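The values are calculated or read from the model by the stated rules, or taken from the named source; none is laboratory data. Keep in mind that what you see is a predicted model, and the values were worked out from it rather than measured. Cβ atoms come from the backbone with ideal geometry, glycine included; neighbour counts cover every protein chain shown.
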Amino acid sequence: MKISSANHGVVVLLAFMMLVANGERLGTRKIGVGVILDMDSPIGRSIRISILMAIKDFHGDTNDSTTIIIPHFRDSKYDNVEAASAAIDLLKNTQVMAIIGPQKSSQADFVLDIAQRSKIPIISTATNPDLSPIRNPYFIRIANPSSTQAQPIAALVKSFGWREVVFVYEDTDFGRGPIPFLFDAMVNISTQVKYRALLPLTSSDDRILQELYKLKTMQTRVFVVHMLPDLASRFFKKAYEAGMMGQGYAWIITDVLTGLLHQLDPKTIDCMHGVLGVKPYIPPSTHLTNFEKRWRKMFQKEYPDIGRFELDMFGIWSYDVVARLVMALKRGESETQLSNNFKRPRKASTDLAAIGISKMGSRLLPMIRNVSLKGISGDFRVVNGQLRTYACQIVNVIGKGEKHIGFWNSINGISKTLNHNRTVGYTTNKDDLGAIIWPGDTTQVPKGWEIPTGGENKLRVGVPAKGEFVEFIETSIDPKTGEVKASGYVIDVFKAVIDAMPYHVPYKFIARENANGQPIVDYNDLIYQIVLGNFDMVVADMTILWNRSKFVDFTLPYSEVGVSMLVPAKVNDSKNVWIFMRPLEMELWITIGAFFIYIGFVVWVLEHRVNAEFRGPPHQHIGMIFWFSFSTLTFAHKEKLISNLSRFVVIVWIFVVLVLTSSYTASLASMLTVQKLQPTLTSISELKARGDNVGYQDGSFVVDMLKSMGFQDDNLKKYSNFQDYADALSNRGTVNGVSAIIDEVPYLKMLQAKNRNKYVLVGPTYKTGGFGFAFPKGSPLVGEFSRAILKVIEDQMSNISEKWIRDEVDAWKNEDVEPFDKLKLESFKGLFFVAGLSSTCALVVFMFTFLYENKEILVSNCSVHQKLTAIAQSFDSKKCQKPSKIETTPDSNVYVGEDIMVDNPPSSPAISVYHQGEGVFSPGSPEIFVSNPSQGTTHEIISDRIDLSLVSFSDVNRLH
């Protein structure tokens with residue numbers, strides 16, 4: 001005969017009462033435990049069977065028959081007041097030692113206040129993170145708080161690179177509990193929560209379908225669902241009906257729903273094909289398998305009318321915690337009799353006050369608030385009243401059930417196998433997951449978003465309603481259809497980017513009006529329309545600025561970046577009579593002249609004592625200095641150099657001269673043959689110093705830049721089109737004219753293209769972000785459009801620029817023009833350094849050698865003036881060498897040595913030998929020294945290049 005679950009519970013209680021009655025006679029102790037559950041819910045039934053099995057196993061395993069655990073079940077009937085009333089009844093009338101339940105967070109919140117006042121431990125599966133065991137010491141949670149799933153879900157989202165998600169959750173304490181934690185977890189991985197869909201439990205199918213169609217119109221295709229099975233079953237059926245369980249969508253369900261998938265009907269499971277889920281990991285074991293078999297048998301006996309049932313994680317945890325509880329109760333009961341459990345007041349005005357305070361509660365609490373045991377759930381650990389699970393299991397809903405694809409833990413992140421290795425580090429690599437089947441029965445990972453298609457669901461592209469710089473963008477409205485049309489350089493770039501996208505992107509242009517009915521032309525107002533949600537993006541010649549980036553996200557720039565100055569040009573006149581001076585700047589000319597004089601002086605000093613060509617009257621010395629150095633410019637010097645030091649100096653100098661003349665020749669040839677545009681102004685600082693007027697674009701940020709540079713308002717003129725620019729430059733020097741236009745480079749190049757050979761760009765270029773497309777903050781389209789822009793820049797941008805700006809075909813294009821293309825001193829500093837160093841070193845070596853040779857003068861007792869005079873006379877005299885003696889006749893000794901000079905030598909035939917006996921010279925060696933042994937003197941005679949026939953012996957003696 002079949003009996004109902006309620007009647008069966010009565011039978012169980014009667015059996016316990018009979019056992020207690022028999023036990024009382026034998027001296028047994030009875031301990032009551034209250035259980036508050038929703039008896040008609042699958043979770044409540046699962047927990048109830050696990051509690052009965054835990055108590056039965058305790059009584060079957062222990063040989064101590066003096067302690068009996070009696071469960072007192074109460075049905076909360078899905079009502080908070082019923083749960084509170086059941087708790088009061090259990091504490092006042094039954095005097096239970098602890099309460100298991102209730103299972104719902106809202107019910108547990110009610111009961112917890114009562115238990116706190118009575119000091120009775122509450123053991124619950126409530127998942128709301130607001131119920132904290134830290135703030136409520138008598139609360140022990142034997143389930144994971146819903147906040148713990150935020151990190152594994154965020155790891156999944158990050159692993160697939162999804163930048164936007166939508167939360168869908170039920171409007172209950174259970175549903176709202178984890179949302180703040182999920183939101184924070186998304187922020188930490190830079191993922192934006194685009195929308196939060198809140199569904200009441202009483203939502204009709206039409207209400208659910210309406211919300212789903214709203215979600216379908218959004219770009220986001222990643223949804224995180226947090227619901228209990230009853231609402232989730234209807235929700236996913238309607239999602240399938242709305243076409244949102246197909247390819248391109250990604251669904252993630254939270255731990256409670258994942259753990260209770262067996263409660264869903266097969267049709268719902270079919271609709272959820274491809275969904276990902278996370279749940280606490282309970283390792284399989286023989287102990288768990290055996291328990292599940294026994295649990296099924298008992299469940300079938302208790303609830304024979306229920307055909308579909310599965311053991312869930314709440315039932316497993318409940319068994320482990322009750323097993324621990326009965327052991328703790330047995331230990332605590334040995335200290336205090338049950339009749340003395342509560343201390344109550346003598347008089348109480350309410351039932352709540354009549355409960356009193358439990359004597360056993362404070363003793364029992366430490367035994368169950370921190371638990372560590374090997375249970376059917378594996379390593380069952382309760383720390384400070386909170387269940388601790390090491391890892392989450394990631395599953396994929398496929399077919400009629402689920403498939404394990406990986407793990408997550410706080411140490412290693414996502415992994416294929418569960419390990420405790422801290423050295424690996426935290427990772428969120430999707431490759432560490434098993435093969436996943438996504439909605440639509442595909443293995444292709446959803447990109448997480450897509451452009452809504454169909455009907456009027458097109459990308460709303462905001463464009464400025466203006467017609468000034470029409471070459472860049474021009475908009476118009478078709479009077480018949482009201483359709484906005486746009487053209488120009490920017491629009492061509494936009495269309496090329498759309499074509500480069502990897503998928504079709506339908507769009508429509510919108511030229512919105514402001515509150516006054518005027519077309520929006522200000523770009524900051526256009527950006528604000530994105531913030532208001534009126535545009536999906538803005539396409540315009542809009543500069544990327546930091547203050548704008550605070551409200552929207554920009555793509556990569558598609559134009560040249562920077563602000564520069566455009567000035568009227570003047571043609572370089574190659575017929576100028578002084579053009580030969582222009583290749584070198586004045587500093588370089590002066591440096592070259594100084595080095596010519598210095599090198600000539602050094603060579604003269606080195607050669608003066610040994611080379612007759614560098615001797616003579618003072619005016620001849622000066623002429624030789626200038627002549628020799630400047631003759632090296634054309635390599636026309638013919639003087640023979642005798643000193644090795646001077647040869648070294650001249651070799652280095654000739655190399656310097658070669659480089660200088662080559663550079664000069666090349667620059668002059670370029671200047672004479674190529675006609676270049678030269679700017680009338682060379683820098684912004686010169687423009688500001690002169691106080692000239694400056695033009696800028698109306699509405700541009702450039703005006704703020706100019707004011708920050710120090711330009712006065714009176715000197716700033718705003719213009720709205722290229723013709724105004726050209727007219728203002730033509731009238732420079734007048735009140736209505738300007739000497740320069742300062743604007744972004746693309747505008748200036750366009751103006752150049754329209755007025756060939758009239759204007760030039762002058763640097764420097766002040767860097768800006770360039771032109772870019774604007775999107776809402778966090779939009780995934782930013783990355784897609786940026787990649788498409790890169791492709792357009794590489795493949796098509798030159799053709800678009802040639803069509804509108806034509807800068808590639810303009811051979812006269814000048815960027816950062818130098819004033820006259822002059823060669824600068826900085827370019828030759830290295831050469832001058834080498835030349836100066838070599839010549840100076842040679843001069844220093846000569847001076848030290850010369851002073852050493854005349855050290856007798858330096859150490860003599862003469863005055864400084866006499867020493868300087870003697871040194872000067874020695875420097876001005878011909879240098880001599882110690883002669884080599886040649887044996888000739890007995891009456892003469894001849895020595896061959898270096899050439900010497902004789903002051904004022906008379907002209908006569910050359911002689912070489914002086915005969916002492918005869919007192920005359922005779923031809924002989926070309927270089928001689930005559931020695932007179934009788935007088936003990938040696939007479940020096942110069943070489944064959946001097947006529948010696950008229951040199952008297954007295955002259956020779958004087959020279960010695």
Report task. Of the conditions (1) among the hydroxyl-bearing types (Ser, Thr, Tyr); (2) part of a helix (DSSP H, G or I); (3) buried (at least 21 other Cβ atoms within 10 Å of the Cβ); (4) touching a Gly at 6+ places or on another chain (Cβ under 8 Å), residue 147 clears all except one; give me its number. Result -> (3)
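With segment 793-880 as the region, which helices (runs of 4 or more DSSP H) entirely inside it contain at least 2 residues that are closer than 30 Å to residue 492 by Cβ and modelled with pLDDT of 80 or more?
Values: elements: 797-804, 829-853, 855-859, 864-876.
Fully inside segment 793-880 and qualifying: 797-804.
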Report task. Determine if segment 750-771 includes at least one residue that is closer than 20 Å to residue 701 by Cβ, at pLDDT 85 or above and among the hydrophobic types (A, V, I, L, M, F, W, C). Result -> yes
Query - The lone exception for residue 207 - which of (1) within 25 Å of residue 126 (Cα to Cα); (2) surrounded by fewer than 19 Cβ atoms within 10 Å (Cβ to Cβ); (3) at pLDDT 90 or above it fails - result: (1)
Requested in this report: With the checklist (1) of a type outside the set (A, V, I, L, M); (2) farther than 26 Å from residue 448 by Cβ; (3) touching a helix residue (DSSP H, G or I) at 6+ places or on another chain (Cβ under 8 Å) in hand, flag the one item residue 297 doesn't pass.
Outcome: (3)
Query raised in the report: Can you tell me which residues in segment 112-130 are more than 16 Å from residue 149 (Cβ to Cβ) and assigned to a loop (DSSP other than H, G, I, E, B)?
Result: 119, 120, 121
Requested in this report: Output yes when any residue across segment 259-266 is more than 16 Å from residue 447 (Cα to Cα) and modelled with pLDDT of 90 or more, and no when none is.
Outcome: no
Query - Residue that is modelled with the lowest pLDDT, among those in segment 289-315 that are surrounded by fewer than 23 Cβ atoms within 10 Å (Cβ to Cβ) and among the aliphatic types (A, V, I, L, M) - result: 306
Report summary line: Here the residues within segment 459-483 that are within 23 Å of residue 531 (Cβ to Cβ) and modelled with pLDDT of 80 or more are 459, 460, 461, 462, 463, 464, 473, 475
Query raised in the report: In segment 522-574, how many residues are in contact with a helix residue (DSSP H, G or I) (Cβ under 9 Å, 6 or more places away or on another chain), closer than 24 Å to residue 790 by Cα and small (Gly, Ala, Ser)?
Result: 3
Report summary line: Flagged in segment 745-792 as more than 23 Å from the chain's Cα centre (by Cα), surrounded by fewer than 17 Cβ atoms within 10 Å (Cβ to Cβ) and under 22 Å from residue 704 (Cβ atoms), in numbering order, are 763, 764
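Residues checked against (1) of a type outside the set (Val, Ile, Thr); (2) at pLDDT 85 or above; (3) farther than 30 Å from residue 655 by Cα:
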{"site": "556", "(1), (2), (3)": "yes, yes, yes"}
{"site": "572", "(1), (2), (3)": "yes, no, yes"}
{"site": "580", "(1), (2), (3)": "yes, no, no"}
{"site": "593", "(1), (2), (3)": "yes, no, no"}
{"site": "597", "(1), (2), (3)": "no, no, no"}
Query raised in the report: How do the strands (runs of 3 or more DSSP E) wholly within segment 677-756 filter down when requiring 1 or more residues that are under 27 Å from residue 798 (Cα atoms): which remain?
Result: 677-679, 694-697, 740-744
Requested in this report: Taking residue 106 as meeting all but one of (1) surrounded by 24 or more Cβ atoms within 10 Å (Cβ to Cβ); (2) not in a loop (DSSP other than H, G, I, E, B); (3) not hydrophobic (A, V, I, L, M, F, W, C), write down the number of the exception.
Outcome: (1)
Query raised in the report: Does residue 245 count as assigned to a loop (DSSP other than H, G, I, E, B) and modelled with pLDDT of 90 or more?
Result: yes
Query - Qualifying residues in segment 116-137 (those that are touching a Pro at 6+ places or on another chain (Cβ under 7 Å) and surrounded by 24 or more Cβ atoms within 10 Å (Cβ to Cβ)) - the one farthest from residue 414 (Cα to Cα) - result: 124
